[in-house]
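Let me begin by presenting the structure, written as structure tokens, before commenting on it.
Where a number appears in this text, it was derived from the coordinates with a stated rule and is not lab data. From a predicted model like this one, the values you see are computed outputs, not experimental measurements. All Cβ positions, glycine included, derive from the backbone under ideal geometry; neighbour counts span all protein chains shown.
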């Protein structure tokens, strides 16, 4: 079902990491109400956790649940009544350090397995610790059990997710390396990917293990945020550019074909032209595949909002555009460097204008004319022809 279709109940999972994310959430609520003014609308997630009173003022909202409360969503929906009285239940009596495991199962091709939640880092710009609570994680035993359930369902690929997955197990006297070693033993799983992992938590041992694994894919997302040590310090990040560079160099050496993505924030308070030039130069000279570029937006109850050296919106936009162009160039180069390689592509079920797509081990997108028999199959492909959008054709 498409979000634009008419429904009786809409559930909107919200984000508040950036101002843009908050605006998108508000727009989604308004859109759902416009499509069906009689529909019930539930808003869950970070926005609900931090700003329930603001959400309650948006026309059409019936239910607001934070991160713990969202697990009671079905129970709460049963209490929807015909009168539009907004339900903002008290936070459930769950300890903040309780981890609630979950995994997605709607997609036949891949499943997102949550192994960790919350964060203890308290970066100067980020509201996630306020919305998601302290770092906590599943046990290795239970994560492996859920991974086996996913595998039995016929899913070919698992993505390990969390707010800060490198923190996995620290309160259970376990760690991420031990977990991936156990998951690697599950023969029914053909592919496993890590989601975003902090550079200071991506150890040599993890990189070395993945470099020797047939199941863990050579695909990494490592947030940088700034290429200026001064700005990294103001952001309260846990590393400097030297450590970040060493992580990338180790990956380049151990996994030369790996896809390496990063996150960058432009316009953080106090970022001068010189600081941005340092960031641009640092990224330009790193062997990475592409970047996700974010424009800093002030978030309430963060350290950064108290900083006075505001970067003008026009300057933020110019810096963002420069990094987006650099990212596009790096991605184009990464794809070109893989031309001629024989790879394995896991095709997905979507049909877009008669084409379906899938991804290689190192996350290169490949498209081919739609064939239902290709869905959830891993097919050997030679990367030869790029289309006008920069994707490989098969």
### Query
Among (i) 62, 55, 48; (ii) 66, 45, 40; (iii) 86, 41, 37, which is the computed Cα extents along the principal axes in Å?
(i)
## Note on the structure
Assertion target for 155, 381, ordered by fewest C-beta neighbours within 10 angstrom first, is 381, 155
### Task
Taking the Cβ of each residue in 127, 139 as the centre, tally the other Cβ atoms inside 10 Å and list the residues starting with the fewest.
139, 127
### Query
What FRET efficiency, computed as 1/(1 + (r/R0)^6) with R0 = 51 Å and r the Cβ-Cβ distance, is obtained for residue 187 and residue 308, rounded to the nearest 0.05?
0.35
### Task
Treat the count of other C-beta atoms within 10 Å as a stand-in for reagent exposure and order 135, 228, 48, 104 from fewest to most.
104, 135, 228, 48
### Summary
Dividing the mean separation of Cα pairs under 8 Å (6+ apart) by the residue count of segment 185-292 yields a relative contact order in percent of 30 percent
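Using alpha-carbon pairs under 8 Å, 6+ residues apart, how would you state the relative contact order of segment 102-337 in percent? Don't skip to the end; give the middle numbers.
Values: 407 pairs, mean separation 39.6, N = 236.
About 17 percent, as a whole number.
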### Query
Which values of log₁₀ I(q)/I(0), to two decimal places, follow from the Debye formula for segment 102-337 at q = 0.10, 0.17 Å⁻¹ with a uniform point scatterer at every Cα?
-0.50, -1.29
### Summary
With a Förster distance of 25 angstrom and the Cβ-Cβ distance between residue 263 and residue 98, calculated FRET efficiency to the nearest 0.05 equals 0.30
### Task
Pull out the extension gain between residue 171 and residue 8, defined as 0.36 nm times the separation in residues minus the alpha carbon to alpha carbon distance; nm, one decimal.
54.5 nm
### Query
If eta is 1.002 mPa s and T is 20 °C, what Stokes-Einstein diffusion coefficient results for segment 342-393, Kirkwood Rh from Cα pairs, in µm²/s?
198 µm²/s
### Query
So what's the convex hull volume per residue for the Cα atoms of segment 243-353, in Å³?
181 Å³
### Query
How many angstrom separate the Cα center of segment 10-32 from the Cα center of segment 312-371?
26 Å
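Counting only C-alpha contacts under 8 Å and six or more residues apart, can you give the relative contact order of the chain as a whole percent?
Taking the mean separation of contacting Cα pairs over the length of the chain, I get 10 percent.
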### Task
State, to one decimal in nm, how far the label point of residue 205 lies from the label point of residue 387, with both points 7 Å from Cα in the Cβ direction.
4.4 nm
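Can you compute the FRET efficiency between residue 212 and residue 372 using 1/(1 + (r/R0)^6), with r the Cβ-Cβ distance and R0 = 41 Å? Round to the nearest 0.05.
0.70
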### Average projection area in nm² (convex hull over Cα atoms of segment 161-264, one quarter of hull surface)
6.8 nm²
### Task
Give me the number: length gained by fully extending residue 324 to residue 15, i.e. 0.36 nm times residue separation minus the C-alpha to C-alpha distance, one decimal in nm.
109.0 nm
